[in-house]
Every structure is written in C-alpha cells, then in structure tokens.
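The values are calculated or read from the model by the stated rules, or taken from the named source; none is laboratory data. Worth saying up front: this structure is predicted, and the values here are computed from it rather than measured. Note: ideal-geometry Cβ built from the backbone for every residue, glycine included; neighbour counts use all protein chains shown. Just the protein is used for accessible areas: all its heavy atoms, side chains included, with ligands, DNA and RNA removed. Shrake-Rupley method; radii C 1.70, N 1.55, O 1.52, S 1.80 Å.
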Amino acid sequence: MIEDENTEFKEIVVDDIKKEVAAFANTRGGNIYIGMKDDGTVAGLENADFSLQQVTNMIRDSIKPDVTMFVRYDIKSYDNKEILAIHVGEGTNKPYYLSKNGLKPSGVFVRQGSSSVSASDEQIRRMIRETDGDTFEKMRSLNQELTFESAENIFNEQKIDFGEAQKHTLGLYDESGLFTNTALLISEQNPFTVKCAVFSNEEQTEFKDRKEFSGSLFTQLSAIYEFISKYNNTHSKFEGLHRIDRQDYPENAVREALLNCLVHRDYSYSASSIISIYNNRLEIVSIGGLLQGVTLEDVKMGLSICRNKTLADIFYRLTLIEAYGTGLRKIQNAYKDDSRKPELLVSPNAFKIILPNRNVNAPEEKNIFKQGTDEDIIMQYAKNHESFNRPEIDELLKTSPATSNRILKKLVADNKLISRGNGKAVRYFIK
C-alpha cells in the first residue's frame, strides 16, 4: 500500500487526522490508516480501541457540519499488529471545515494528490453553491463571526423579539446551524457598500461631497437617507396668503428608491451600488438587472418577483416596506402633479432610478418649450432629461402620436437623437 489521493497513513493518533477527514469529505472520500508508517509498513497500535475512541471524539467535536454519518471505523490485524482504518465518504453538505478556524482557507481542506491542502476562496464558494444552490441569501456565509447590534436595535424599536428562535425563523441560520448570507447582510460585518457622491457639474469631475456607507443594511439605510436629506433642499413660494413648501425630491420617492436599491440588488456581485446627486436630478444605480423573464413594462405595471425574498420578508416584518410591488408605484405617485417624471432604466447588470429635482428649471421650462420649432422644443427637452419616450413628446407638443413619431424619426435620421428599444419601450437620448 502507498499513499495517494484516496489513502493517508498515520503512525499514531495526531491532531492532523481531523484535517485529513475534512479533506476527504470535501473531495471524493478516502481511507486513513493509523498504525502505518509513511513507507507503507505496519507499525501497529498499542491500544487500538483507545485510539478509536480518541479519533471518534476528535472528528465529532472538531469538524462542522456534522460529518460523522460519512465516517466508519474498522480495526484490522496484520502480523499480530493492530491498525485503525477510518473510511471517509464524500460528504453531501460541503464544505466541511475545522470549527476552530471557520469557513476560510485555514479551516477548509481538499485532497490534492497524496496531500491535504487548504481550499481557495473560490473552491469554498463553489462548494457552497453546489450544496446550497444559487440563491445567494440562503447560502452559508463565508464569515461566521457575525454581530447584530444594529439589527437588535431596530427589532427592539419595533418591539419584535430577536432571539435565537426568531433568527432561525427569519432565515439567518441554515439547517446546519450556520449563518446564511441573509444574516451577513444585516450584520455589522456586511461587506457590501453604497457609494454616494454630490456633483457640481454634469461631467462628474467636481465633487461637492462624497461618502461610502458600509455595515449592516439597517445602518446603511439610515445613514444614506440622512446624507440625501442634507442635499434635499426645501423651496418656498406663496400663493395668496398661503406659503407652500416644496422639497427637491419627495421624501416618499427617495425612501422607496433607496429601499429598492438595498433590498432588491443582486448581492452575488461584489460591486458597490451608486447614488449620484446632480443639480437637476438624483440617480440611484442598483447592482443587478431584472430577473430573467421580467421586463421593465412588467415592473411598471406592478409585477413583483423578489430576488431576495428572505431579506424582503425581514424588512416587511419591520414595516420598512409595506407590500411587494408597490415601491415603484409610490415613486411615480409622488410626482403625479409634476411635469417631469421619474425614469427607470435597465441594463443586464444594473437598475437605475432617476428622480428629477422638482425645483430646478420648473418655471423656465414652460417658457422655453413654447419657443422655436417643434424640433427645437424637443431638443431643448432632451437637454434637460436623460431619456424620454414618445408619449412625453405628445404631451409636450400637444400633438398626435403619429406627428410626434414623425418628428422623432427625423431627429434620429439627422443624427441628433439616439433611439433604444422597440415598440412601446423605445426611448430617446440626446446625441
């Protein structure tokens, strides 16, 4: 007998045996023979039964998840010498790891040739995906050292229990008692961030302010909302004896757009979500496009297919969101009395919400759009909007869809505008 990918020799019981067991369980299984020298000769054990007890306790107490159901033992005798054979099958709940080291390369091992080596981060993630599936929020967190101070505070404020039983119910633990990625997202150790910037020009070269927000999603939600509020100015005007206050961005719209960014983003990407504030608009870019089979028109009609259902359920329980599929409708309703409306843009990997500043260019627009030819009016409108559709031009020019369509096609042909999309979903952008 020789050592190979499926065979390991140990002359006596040593601490490294648990590493070998984890490695075999994470790969394709194998056998460990205790009482054998490295050259394959039999050394024997003084007390094989005692060695069996030592190894059984070691494996049971030192490896997570529980691997004991895949391990069996056999005491063999060769030339009146006893050896202990440990037969390890390939596990079904990978990755198995040394509990004192955790789900990281120093705790996860795989078999490579005749050696057991540390698994790479990518190997660990792949094993988790293969075992838990592709739903990010239900997969085991690579970081198991999590704290929940922010979560505990907000649950206490809502007078909702947040004990161990509730954490299981909320999906913070998996079946093995390990923290899931849902737990990671609401913990202080959450690695996903949101970057916010306030620009003084359209070229994004001059910053007024910028900040990156990290930590629990609950902490981020509060801090980002406060940051945006600092630049959400209130303008006042009088109608007769009555003073009317009007914020740049309706609070409801800001709140719903921010919740959409945090709750519905695709956390399988490590990139930060982006919030940009300009003089005339607020843009929130969330990572991850729409789910497969869902269109932008579906979303506008109120269709809701939740990417992070467990996370959304937690926010719903805390009354931070009211019901699925209502957020974008609330954003639209917040602008129902304004000529400029919010815009939704989607790419395969991102979702952007644009909230117009209601106090910028509102009076001037009415005068500008009454001057010049229809083409001039459309081009001026295009300069003040990132994108627009044909119904907006119908309203702007007070013309029929056929007339608006004819003018828009001419502007595209003259290389002044760009059109993207098909049918009712087509949108126009300034060249």
*Those residues of segment 150-199 which are within 13 Å of residue 217 (Cβ to Cβ), small (Gly, Ala, Ser) and not in a helix (DSSP H, G or I), in sequence order*: 187
*asked:* Within segment 337-345, does at least one residue satisfy the condition of being at pLDDT 90 or above, closer than 23 Å to residue 251 by Cβ and of a type in the set (A, V, I, L, M, F, W, C)?
replied: no
*asked:* I need the full set of residues from segment 98-140 which are open to solvent by 50 Å² or more (accessible area, probe 1.4 Å) and in contact with a Phe, Trp or Tyr (Cβ under 7 Å, 6 or more places away or on another chain), in order please.
replied: 118
_All positions within segment 284-306 that are over 16 Å from residue 327 (Cα atoms), of a type outside the set (A, V, I, L, M) and at pLDDT 80 or above_ = 288, 289
_From the list 138, 195, exactly one residue is within 30 Å of residue 278 (Cβ to Cβ) and basic (Lys, Arg). Which is it?_
195
*Can you pull out the residues in segment 384-400 that are within 20 Å of residue 421 (Cα to Cα) and not aliphatic (A, V, I, L, M)?*
385, 386, 387, 388, 389, 390, 391, 392, 394
*Mind counting the residues in segment 74-94 that are β-branched (Val, Ile, Thr), open to solvent by 40 Å² or more (accessible area, probe 1.4 Å) and touching a Leu at 6+ places or on another chain (Cβ under 7 Å)?*
1
*How do the pairs read when you match residues in segment 268-297 that are more than 24 Å from residue 229 (Cα to Cα) with residues anywhere that are open to solvent by less than 10 Å² (accessible area, probe 1.4 Å) and of a type in the set (Lys, Arg), using Cβ under 6 Å and keeping only pairs 6 or more apart or on different chains?*
288/265
*asked:* Quick test for you: out of 205, 147, 219, pick the one residue that is open to solvent by 20 Å² or more (accessible area, probe 1.4 Å) and out of contact with any Asp or Glu (no Cβ under 9 Å at 6 or more places or on another chain).
replied: 205
*If residue 344 satisfies every condition in (1) over 26 Å from residue 227 (Cβ atoms); (2) within 23 Å of the chain's Cα centre (by Cα) but one, which is the exception?*
(1)
*Is there a residue being part of a helix (DSSP H, G or I) and touching a Phe, Trp or Tyr at 6+ places or on another chain (Cβ under 6 Å) anywhere in segment 416-427?*
no
*Is it fair to say residue 69 is within 30 Å of residue 184 (Cβ to Cβ), of a type in the set (A, V, I, L, M), outside any strand (DSSP E or B) and open to solvent by 60 Å² or more (accessible area, probe 1.4 Å)?*
yes
*Across segment 203-224, which residue is nearest to residue 320 (Cα to Cα) among those that are of a type in the set (Asp, Glu) and without any contact (Cβ under 8 Å) to a residue 40 or more places away in the chain?*
209
*Restricted to segment 110-142, and to residues that are assigned to a loop (DSSP other than H, G, I, E, B), polar (S, T, N, Q) and farther than 20 Å from residue 19 by Cα, which residue is modelled with the highest pLDDT?*
141
_Show the residue pairs meeting these rules: Cβ distance below 7 Å; 6+ apart or different chains; first residue within segment 141-166 and farther than 13 Å from residue 188 by Cα and among the hydrophobic types (A, V, I, L, M, F, W, C); second residue open to solvent by 60 Å² or more (accessible area, probe 1.4 Å) and assigned to a loop (DSSP other than H, G, I, E, B)._
142/104
*Do you know which of the residues in segment 372-431 that are without any contact (Cβ under 8 Å) to a residue 12 or more places away in the chain and touching a helix residue (DSSP H, G or I) at 6+ places or on another chain (Cβ under 6 Å) is farthest from residue 278 (Cα to Cα)?*
401
_Number of positions in segment 378-411 that are over 40 Å from the mean Cα position of the chain (by Cα), crowded, with 17+ Cβ neighbours inside 10 Å and either at pLDDT below 85 or not hydrophobic (A, V, I, L, M, F, W, C) (or both)_ = 1
*Looking at 174, 245, 266, which is the one that is buried (at least 21 other Cβ atoms within 10 Å of the Cβ) and among the charged types (D, E, K, R)?*
174
